Amino acid sequence: MQVHLSMLDTADPRKPSAIPLVLTVDASQHPTVQDDFGDFGHTVRPGTGAASA
């Protein structure tokens, strides 16, 4: 399963970005995790530019 998020650069809105989120599972696992993957996709937000620890 794959989702592409579109986001704009806040410093220059003319620079759009497409961010791919990819879920790789066996076909048998897909029904169990697809809703969680969708929920995860809704949580992705632009960061502050600081690296995650």
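So the values come out like this:
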{"read-out": "Distance histogram for the chain (every C-alpha pair counted, 10 angstrom bins, percent rounded to whole numbers)", "value": "20, 42, 28, 10, 1"}
{"read-out": "Per-pair calculated FRET efficiency, R0 = 30 Å: Asp39 and Asp9 via Cβ, rounded to 0.05", "value": "0.70"}
{"read-out": "Projected label distance in nm at Gln2 and Ala27, using a 7 Å step from Cα toward the beta-carbon", "value": "1.9 nm"}
{"read-out": "³J(HN,Hα) computed for each position of the range 6-15 - Karplus, 6.51 cos²θ - 1.76 cosθ + 1.60, integer Hz, glycine/proline x", "value": "9, 9, 9, 6, 5, 6, 8, x, 6, 9"}
{"read-out": "Angle in degrees between helix 30-43 and the longest Cα principal axis of the chain, rounded to the nearest 10", "value": "20 degrees"}
{"read-out": "Dipole axis of the chain (+1 Lys, Arg; -1 Asp, Glu on Cβ), positive-most option in Pro31, Pro13, Val3", "value": "Pro13"}
{"read-out": "Helix-only mean residue ellipticity at 222 nm for the chain, each DSSP H run of n ≥ 4 adding -39500 (n - 2.57), per residue, nearest 500", "value": "-8500 deg cm²/dmol"}
{"read-out": "Average accessible surface area per residue within the chain, 1.4 Å rolling probe, Å²", "value": "85 Å²"}
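The values are calculated or read from the model by the stated rules, or taken from the named source; none is laboratory data. Predicted model only: the values in this text are computed from it and were never measured. Because the Cβ atoms are built from the backbone with ideal geometry, glycine has one as well, and the counts that use them run over all protein chains shown. The accessibility values were calculated without ligands, DNA or RNA, using every heavy atom of the protein model including side chains. Shrake-Rupley method; radii C 1.70, N 1.55, O 1.52, S 1.80 Å.
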